[in-house]
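The values are calculated or read from the model by the stated rules, or taken from the named source; none is laboratory data. No experiment lies behind these values; they were computed from the predicted model shown. Methodologically, a virtual Cβ is constructed for each residue, glycine included, from the backbone with ideal geometry; neighbour enumeration extends over all protein chains shown.
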Amino acid sequence: MDRNQDGFISEEELKDWIKSVQKKHISDSVEHQWKDFDLNGDGVISWDEYKNVTYGSYLEDPQTDTEYNYDQMMLRDERRFRVADTNGDLMADKQEFSAFLHPEDHQHMKDIVVQETMEDIDKNGDGFIDLKEYIGDMYTSDGEGEEPEWVATERQQFSEFRDKNNDGKMDKEETLDWILPSDYDHAEAEAKHLMHEADANQDGKLTKKEILNKYDTFVGSQVTNFGEALLRHDEF
Ligand SMILES: [Ca+2]
Ligand SMILES: [Ca+2]
Ligand SMILES: [Ca+2]
Ligand SMILES: [Ca+2]
């Protein structure tokens, strides 16, 4: 973690560390799932392999009375697979499969992430997310009692921040800004948060002692395995 070995962790080092942990987490998850899908072991996952592993039992015996619409899900997966498959051979190498599984981290997957999100929330299918659909995605009124306060806050968020051009609905661009804001760096925000929590003497850098004093905060960090890695490998 302490890249320049000066015995302190700066915010920049913290951020880089968080990024590398996230990257590792993603590549571990791809690695972990790889064997399950690459049935013939040829080092690539074809769309057919993915389809058979994921939907094989449904394809053998199509049940239509389940709560899931598997045909729909399959079409959606195939569409995403094709976008992730940048060379268009309908086979995913590790990088392509990583884009398929974790599209939010890949520039060329942004459109499909937005499209999928909009399809989920845009109930009337007009290609926009209006206030009712936006709220409906996170809250269903039970018809009695008052609306919780956070719902009111979300309504306000919608008109103040989400619906930037104030036409009462979110288009593709506004949806993109909402789910994948370009000016928001997750690792940076997390680094700032951890620094703020742990930097007891406020000199802008962390000692090992300061980190261990706030061990719970680091373990509880959204960054997977952060605290664990810290303790186990003594990676300071
Ligand atoms: Ca294969
Ligand atoms: Ca490919
Ligand atoms: Ca709509
Ligand atoms: Ca709008």
Which one is farthest from Gln157 (Cα to Cα) among residues in region 180-196 that are outside any helix (DSSP H, G or I) and of a type in the set (Asp, Glu)?
-> Asp185
Check whether at least one residue in region 151-171 is within 16 Å of ligand 4 (Cβ to nearest atom) and among the aliphatic types (A, V, I, L, M), and report yes or no.
-> yes
Residues located in region 42-56, provided they are assigned to a loop (DSSP other than H, G, I, E, B) and closer than 14 Å to Ala84 by Cβ | Val44
Quick check: anything in region 50-69 closer than 26 Å to Gln22 by Cα, modelled with pLDDT of 95 or more, loosely packed, with under 11 Cβ neighbours inside 10 Å and not charged (D, E, K, R)?
-> no
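Might you let me know whether region 14-23 holds any residue that is away from ligand 2 (no atom under 16 Å from the Cβ) and over 26 Å from Ala189 (Cβ atoms)? Spell out how you get there, then give the answer.
Of the residues in region 14-23, the ones away from ligand 2 (no atom under 16 Å from the Cβ) are 14-23.
From what is left, the residues that are over 26 Å from Ala189 (Cβ atoms) are none.
Scanning region 14-23, I find no residue that is away from ligand 2 (no atom under 16 Å from the Cβ) and over 26 Å from Ala189 (Cβ atoms), so the answer is no.
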Breaking point among (1) away from ligand 1 (no atom under 16 Å from the Cβ); (2) surrounded by 12 or more Cβ atoms within 10 Å (Cβ to Cβ); (3) at pLDDT 90 or above, for Lys94 = (1)
Would you be able to tell me the number of residues in region 155-174 that are touching a strand residue (DSSP E or B) at 6+ places or on another chain (Cβ under 6 Å) and closer than 30 Å to Ile18 by Cα?
-> 1
Out of (1) within 15 Å of ligand 2 (Cβ to nearest atom); (2) without any contact (Cβ under 8 Å) to a residue 60 or more places away in the chain, the one Asp126 does not meet is (1)
Over region 176-203, the set of residues without any contact (Cβ under 8 Å) to a residue 60 or more places away in the chain, buried (at least 17 other Cβ atoms within 10 Å of the Cβ) and under 16 Å from the mean Cα position of the chain (by Cα) is Asp177, Trp178
For region 157-179, state whether one or more residues are assigned to a helix (DSSP H, G or I), at pLDDT below 95, farther than 30 Å from Arg82 by Cα and of a type in the set (A, V, I, L, M).
-> no
Tally the residues that are within 16 Å of ligand 4 (Cβ to nearest atom), of a type in the set (A, V, I, L, M) and assigned to a helix (DSSP H, G or I), restricting the search to region 77-132.
-> 4
Any pair with Cβ under 6 angstrom, 6 or more apart, that starts in region 9-34 at a residue that is under 29 Å from Glu197 (Cα atoms) and in the same structural domain as Glu190 (by the TED database) and ends at one that is at pLDDT below 90 and basic (Lys, Arg) | Glu13/Arg3
